[in-house]
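K.L.:
Dropping a structure here in C-alpha cells format, bear with me for questions.
The values are calculated or read from the model by the stated rules, or taken from the named source; none is laboratory data. What you see is a predicted model, and the numbers here were worked out from it, not measured in a lab. Backbone-built Cβ (ideal geometry, glycine too); neighbour counts: all protein chains shown. Surface accessibility is based on the protein's heavy atoms, side chains included, excluding ligands, DNA and RNA. Shrake-Rupley method; radii C 1.70, N 1.55, O 1.52, S 1.80 Å.
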Amino acid sequence: MLRILIKPELCAGCKNCQVACLAEHSPSGSVWLADLSGGHGRPRNSVELNSRDLPVPLTCRHCQEPECVTACITGALSKNPATGLVEHDQGRCAGCWMCVMSCPFGMISPEALEKKTAVKCDFCQGRETPRCVEACPTGAICLAEVSPETGNNTTPGEAPKEEGLH
Amino acid sequence: MRVCISADQVLNDFLAARSGVETSFNRVPPQAVKCGFGMQGVCCRLCSNGPCRITPKSPRGVCGASPDTMVARNFLRAVAAGAACYLHIVENAAVNLREIGRGNSQLPLKGTGLLNELADSLETGGRDRNEKAVNLAERVLADLYLPRNDKMRLVQKLAYGPRFELWRQGGLLPGGAKSEVFDALVKTSTNLSSDPVDMLLHSLRLGIATGLYGLAMTNKINDIIWGEPQIRTARAGFGVVDPDYVNIMITGHQQSLAGILQDALLSPEAADMARAAGAAGFRIIGSTCVGQDMQLRAAHCPEVFAGQTGNNFTTEALVATGAIDLVVSEFNCTLPGMETVCRQMLVPQICLDDVAKKQNAELLPFDIRETRAIAGKIMRGAADSFAARRKNVTVNVPSHGYDDVLTGLSEKTLKNFLGGSYKPLIDLIAAGSIKGIAAVVGCSNLTAGGHDIFTVGMTRELIKRDIIVLSAGCTSGALENVGLMSPAAAELAGESLKKVCLSLGIPPVLNFGPCLAIGRLEETAADIAAELGVDLPKLPLIISAPQWLEEQALADGAFGLALGLTLHLAIPPFITGSELVTGILTKGLENITGGRVIVDGDINSTVDRLEAVILDKRAGLGL
C-alpha cells in the first residue's frame, strides 16, 4: 500500500504542494487557472513552521486507527480495507464537524465555500501519484510503501522518521 | 494568532486595543511560511520554460542558467528598480526647480544661499537666481537622459575625489542614469547576460547614480526650493496630531510635490475654509520619509507642519486613530493595506503622482504650474472630509512620542554646529571618547524580529559601546519614537559617549531624517575623510540597514558598497543561493572598492562584528 511520506528536513517552504492540491480540486485542474485567492476553496494540505521555525508539510496520514472515522456518526468516513485510505463520502456527510474536532493533525476541515460538509485528502482519487507529491520540488513529500497490517514504512532504505511539528 | 510586535510599546498597546482594524502587523503570521527558492534568489521566471528553481536534482534552469546567473539577474533587476525609484524623484524635483526658475510657478525659492554655492561649485552658472535654478536643473536632467556610453558630467564634481578616481579606473562611472536602469533590464532579460560579475558591477554603477543624483541631488534641489535644514527641537510621534484641526497626512518621498501645501494652508482662504468646516485650522501630519524631510526643513513651515508621526509601518495605525481627515500620497511607503483602514475610518485619499496611484484614491496629477489649484482641491477635500466624517468616527490619539527630538541634522548643519569644521568630532574620535560612527539607515520591516526591533536593539547596543549613531530613513522614525533622539538618551550611552553628549546637549543618535539623507551622510563622511586626508574605506565608520525592506534600499546599499563602506544587513538580499555572488558581496568586493556586506541576524553578534570593523579601521589610522 502506498502512503505519503513527509521528510520535513527537505521542505523549502515553497507551498507548491498547496498550489497543486488546490489545482487538483479546482474546475480546470490547472495550476495556471487555480484561484489562489480562495475562489476554489482551500488546499487540503498545508505547510506550517515547527518550533524551530522550519517549514513542515502536513497532509492526511490515512491513520491505521483513524480518530475521524471513529467520531463520524453518519458513516461518511470510512477506512478502505483494500487501499488503507481513509475515505470521505460527501453525500453522507451531515456537517456535524465531529471529525474536524477529533483529528489530532487538523487535516479535515469544513469545506471553505459552502461550509456544509467536511473535506480532506482523497489521495487525488486514484491518480497514480498525488499532485502534492508530484509538485514537491525537493522530495519532502514523497510516496512510500507501507505494510497493510502495521502501517509501517517498508520502502527499502527508508527508515520511518518521527520528526514532525515538534 | 500571534501578531507581529514593535519596539514601540505604545504602538503595540494601541494596535492591541483596536482589534477591529487589520494592519500589516496582523498579516505577518499568516505569511510566515516563505518560499525557500525566493529567499535564496534561485527562482527564475524569465521565460515560459520556467519558473525554474534550483534543487539538488535540478542544479540548472532549463536554459542552463546556473544559480549564480539567476541570483545576479534577480539582484541587478531589484537594484535597477530601486535606482529607478530614486531617479524618478530627482527628475520630478529638477523639473520643478526648472519651472520655478522659468517663472512658471509662484513658489518662492527659500534656499538661494545653496543655489548660489552650487552655481559656483558645480559651475552651472547663471546671472540671477532664476537663471541659476534653470541651469542647475537642466544640467541634472541632461545627465539623467544621457545614453549609457556617455558618462554623466556632474559626477566628478559631486563625488569625493579619491572615489571618483577609483571608479574611473574600475570602469564604474555611470552613463546616463536612466539608460543605466534601462540597460540593466535589457541585460537581465531572457538569455542575455549570464555573467554574474558584470551584473554586480552594473549594480555598483546604479548605486553611484542613485547616491549622487537620486539621493544627494534631490536633497540639494529640495533645500533650494523649501529651505535648508536647521537644527531644532521638535515633537515626534502620534502625539503631534491635534484632533481639533483638519489633519492632512502625507506619505511618500517627494517634498517637491507635497511641499506645495506648506504655504497654501496658511492663507486666509484656508483659515476660512477650516473654520467653516468647524476646525481650528489645517495641519500637515508628517509620515514616512516625506514627513522626515519636512521635519528636517520644518524651520521654514513651523505653523502648519504638526510634526513627524512615524515610519512606513506606523501609517495604518495612524489612520486608525480616526484623527486623519485626508491622506495625500506621492510615492512609496504608502501601503496598500492602508486603503482598507482608510475606508473603515472614512478617510479619502488623493495621489499626486500616478507611480503611487492607490486603488481608492483620486489621482490629482501634479503640475508645478498649477500648484494653487492643486493645493486648493486638497484643502477642499480635507475640509469636506472633516465636516462629513468626524461625527461618524471615534477619534483616539494615544499619548505617544517625545517632544524634545533633536532634528535638522545635515551635512552642513552638523559641521556648523561643530564650529564650521569636523575637527572637533575627529579629535573626539582620536581621543577615543567616540569609538566610531555607525550610520543606521534604510527601512523598517516586520521580519527582523518585528517592527524596528533589530534597529532599536542594535542602536542601543552601539551607543552603549561609545559608537555614535547617525540615522537616515525609516530608522529615524523608529529611533525618535522610542526616545533615542532625545537628549535624555545620553544616559543610555557608554560612559565616554555619554560625557560628549551631555557636554554638547545632544542625544547619542543623530537624526538626519529621511532615506534620501543617506546622501547627506555620504557627504558628511566625505568631509570627515577630506579633513583627515584619507579615502572613505579608512574611516572608523560602518553602515547598517538592519531592517531593509525594499528595492530602493538595495540601490542605497549598492551606493554604500561603491563608496567602499562596510554594510550590515540583518536579512540577506536574496543572494544566498549563489556562492559566487555571496562571496563577491561579502568578501571579494573589498579588493575592488573596499566595501563589503556583513549579513547577521543576531543583534549582539552584529554589534561585535561592527565594533571589530571600527577598531580595525581605527588601528589602520594609528588610533
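K.L.:
Filter region B:595-610 down to the residues that are over 16 Å from B:VAL79 (Cβ atoms) and either within 23 Å of the chain's Cα centre (by Cα) or open to solvent by less than 10 Å² (accessible area, probe 1.4 Å) (or both) and list them by number.
P.N.:
Those that are over 16 Å from B:VAL79 (Cβ atoms) and either within 23 Å of the chain's Cα centre (by Cα) or open to solvent by less than 10 Å² (accessible area, probe 1.4 Å) (or both): B:ARG596, B:ILE598, B:VAL599, B:ASP600, B:GLY601, B:ILE603, B:THR606, B:VAL607, B:LEU610.
K.L.:
Evaluate the following for B:THR340: is it touching an Asp or Glu at 6+ places or on another chain (Cβ under 8 Å) and over 25 Å from B:ASN222 (Cα atoms)?
P.N.:
yes
K.L.:
May I ask you to say which residue of B:ILE368, B:ILE378, B:ILE324 is more than 25 Å from B:ASP272 (Cβ to Cβ), assigned by the TED database to the domain that holds B:GLN292 and over 20 Å from the mean Cα position of the chain (by Cα)?
P.N.:
Sole residue among the options that is more than 25 Å from B:ASP272 (Cβ to Cβ), assigned by the TED database to the domain that holds B:GLN292 and over 20 Å from the mean Cα position of the chain (by Cα): B:ILE368.
K.L.:
For region B:157-220, which fully contained helices (runs of 4 or more DSSP H) count at least 3 residues that are open to solvent by 10 Å² or more (accessible area, probe 1.4 Å), of a type in the set (Gly, Ala, Ser) and under 27 Å from B:LEU296 (Cβ atoms)?
P.N.:
none
K.L.:
Within the set of pairs 6 or more residues apart or between chains, which connect a residue that is touching a residue at least 60 places away in the same chain (Cβ under 8 Å) inside region B:136-164 to a residue that is open to solvent by 70 Å² or more (accessible area, probe 1.4 Å) with Cβ atoms less than 6 Å apart?
P.N.:
B:ASP143/B:ARG153; B:LEU144/B:LYS178
K.L.:
Another question about this same structure. Grab the helices (runs of 4 or more DSSP H) fully contained in region B:1-85, keeping just those with 2 or more residues being within 11 Å of chain A (Cβ to nearest Cβ).
P.N.:
By residue number, B:36-40.
K.L.:
Here is a further query. Identify, by number, the condition in (1) touching a Lys or Arg at 6+ places or on another chain (Cβ under 9 Å); (2) surrounded by fewer than 24 Cβ atoms within 10 Å (Cβ to Cβ) that B:ALA298 doesn't meet.
P.N.:
For B:ALA298, the failing item is (2).
K.L.:
Now for a separate question. Residues that are among the β-branched types (Val, Ile, Thr) and touching a Gly at 6+ places or on another chain (Cβ under 7 Å): does region B:10-18 have at least one?
P.N.:
No: region B:10-18 contains no residue that is among the β-branched types (Val, Ile, Thr) and touching a Gly at 6+ places or on another chain (Cβ under 7 Å).
K.L.:
Does B:LEU532 count as of a type outside the set (Asp, Glu), within 23 Å of B:LEU166 (Cα to Cα) and buried (at least 23 other Cβ atoms within 10 Å of the Cβ)?
P.N.:
no
K.L.:
Can you report the number of residues in region B:2-25 which are under 20 Å from B:ALA448 (Cβ atoms) and modelled with pLDDT under 95?
P.N.:
2
K.L.:
Checking the conditions here, which among B:VAL304, B:VAL395, B:VAL290, B:VAL405 is surrounded by fewer than 22 Cβ atoms within 10 Å (Cβ to Cβ), under 28 Å from B:GLY111 (Cα atoms) and among the aliphatic types (A, V, I, L, M)?
P.N.:
So the residue among B:VAL304, B:VAL395, B:VAL290, B:VAL405 that is surrounded by fewer than 22 Cβ atoms within 10 Å (Cβ to Cβ), under 28 Å from B:GLY111 (Cα atoms) and among the aliphatic types (A, V, I, L, M) is B:VAL304.
K.L.:
If you don't mind, there's one more thing I want to ask. Based on this model, can you work out whether B:GLY494 counts as buried (at least 21 other Cβ atoms within 10 Å of the Cβ) and closer than 29 Å to B:ALA530 by Cα?
P.N.:
So B:GLY494 does not fit the description; no.
K.L.:
For region B:576-599, what are the residues that are in a helix (DSSP H, G or I) and not β-branched (Val, Ile, Thr)?
P.N.:
So the first thing to find is which residues in region B:576-599 are in a helix (DSSP H, G or I), and the list is B:579-586, B:588-591.
If the condition is that a residue be in a helix (DSSP H, G or I) and not β-branched (Val, Ile, Thr), then B:GLU579, B:LEU580, B:GLY583, B:LEU585, B:GLY588, B:LEU589, B:GLU590, B:ASN591 are the ones that fit.
K.L.:
Tell me, which residue of region B:12-46 that is touching a residue at least 40 places away in the same chain (Cβ under 8 Å) and among the hydroxyl-bearing types (Ser, Thr, Tyr) is farthest from B:ALA320 (Cα to Cα)?
P.N.:
So, considering only residues that are touching a residue at least 40 places away in the same chain (Cβ under 8 Å) and among the hydroxyl-bearing types (Ser, Thr, Tyr), the one farthest from B:ALA320 (Cα to Cα) is B:SER24.
K.L.:
Taking the conditions exactly as written (under 30 Å from B:LEU446 (Cβ atoms), modelled with pLDDT of 95 or more, part of a helix (DSSP H, G or I) and more than 14 Å from chain A (Cβ to nearest Cβ)), does B:ASN96 satisfy them or not?
P.N.:
No; evaluated as a whole, the condition is false for this residue.
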